[in-house]
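Since the structure comes first, as structure tokens, the remarks are kept for the end.
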Amino acid sequence: MILHSILLGLGIRLASAGRSGEHRPPQQCRWDSGSRLRLGGEPSCVALVDDRTAAEIGSWEPWAYAPHCVYPPEQGSASKLCVYTYHSANGEAGLSLIATPEMASFVAGILSARSEPWGEFPSWQLSPGEARRAYEVVEVPGKGLGVVARRKIHRGEVIIRETPFVLGFTSDPGAAAGGEKPGLVEVAFTRLPEWHLERLSGMAVSTGGEWHEDVMRTNTFGVMVDGVEYSALFPEIARINHACRPNAFTRYSRTTLQMEIVAQQDIESDEEVTITYIPQNLLTADRQKLISRRGFTCGCPVCSTPSVASSSDANKSRINAILGTLRDLGPQRTEKILDELWQEMRQILAEESLHAQVAEFAGLWADLYWAAGAAAKAREIAGRVLAERVFYNGKDSERAERAKGFARKFEG
């Protein structure tokens, strides 16, 4: 919150996480071809399907089963929610979706498209010995199951690319609707192919209550689908353990619904692959509170070694101090001062493995260099913003699209 306030004071407004999903009339294609990047095939316009249309016409293509729907308790309060199951999402896995009929039509358009893989580490850079499977899911001492590298993994290499098994909500509106019908999450699970259910049977649980919902609450990732936040269950990716200074990161594609695990540094053979479950810029006390809510204790060096935790907290406090200095200097921010503070900021970000945040700060410095009359440096750093956004967020991400527009501000 302190960082957010300082950025606002500097005239930098952080983008909101998403927008409310808009509803178009039934039978109208939900794919806005002018506003989304498509890699590969053209998504088709899929007719709206729900339980009523399925009963009337006896067809529910492209879904494997007739939609299972729950109606809101009050008329006009919200659209009904249904379970839709697709048995060949991207040609590799089944997917169950809990969504409104309108959103299901949109998702069906994505699933019908033939999209090429994106952002993959170039295979020609790998030797024949390195081309084998990069990792294995094994028991990790003190952590249960985890993902361990079985060969050297290079920075930028895609370790896992996975389509979700379930895309829906962590709380089950179907269970709250009462009656004898099973909840929507349970239906979403049971309609998946049998081998999917075998994979899900061993997933971790932590919150208690109904098993299907517990699996979703414990293992899902938040993703955006057409501007609406969903919980996505990626069983293989869910095996990856947390670290406060991870060696890999998640990258989600809104045009394929797939998530990738990407190495953000070289990972040696037999080294555990880790990601972060929480924001990395938090101080130790705040970070551990969030971790405890997820039902485990982090034993990474940043959490378990007092001297490392103290040094990390000092670095993160210094980030806020640097931003405060920039705010207080106002028009006296000279190119020399900006150079010194940018060099210090980059060093702190590297020490704390805050690599994914470089683009956020680089964008700020580009604006400040431009205001200070250092146009060449502003252009150079703006170009880095775009490169960092593509690497960490993906070619088809909204952040990468915004970074392209940001770089154009400094042309000429």
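Is it the case that some residue within the range 219-236 is assigned to a helix (DSSP H, G or I) and under 30 Å from Gln264 (Cβ atoms)? Yes, some residue in the range 219-236 is assigned to a helix (DSSP H, G or I) and under 30 Å from Gln264 (Cβ atoms).
Looking at the range 332-356, which of the residues that are in contact (Cβ under 8 Å) with a residue 60 or more places away in the chain and not in a helix (DSSP H, G or I) is nearest to Ser397 (Cα to Cα)? Talk me through it step by step, then tell me what you get.
Pass one, the range 332-356, residues in contact (Cβ under 8 Å) with a residue 60 or more places away in the chain: 352-356.
Narrowing further to those that are not in a helix (DSSP H, G or I): 352-354.
Numbers: Glu352: 25, Ser353: 22, Leu354: 20 Å.
Selected residue: Leu354.
Only one of the numbered conditions (1) loosely packed, with under 14 Cβ neighbours inside 10 Å; (2) basic (Lys, Arg); (3) over 26 Å from the mean Cα position of the chain (by Cα) is not met by Lys377, and that is (1). Checking each residue in the range 256-289 for being assigned to a loop (DSSP other than H, G, I, E, B), in contact (Cβ under 8 Å) with a residue 60 or more places away in the chain and either touching a strand residue (DSSP E or B) at 6+ places or on another chain (Cβ under 6 Å) or over 20 Å from Val166 (Cβ atoms) (or both) picks out Thr256, Gln258, Gln264, Gln265, Asp266, Glu268, Ser269, Asp270, Glu271, Gln280, Asn281.
All of the numbers you see were taken from the coordinates with simple rules; none came from a lab. This structure is a prediction, so every number in the text was calculated from the model and none was measured. Methodologically, a virtual Cβ is constructed for each residue, glycine included, from the backbone with ideal geometry; neighbour enumeration extends over all protein chains shown.
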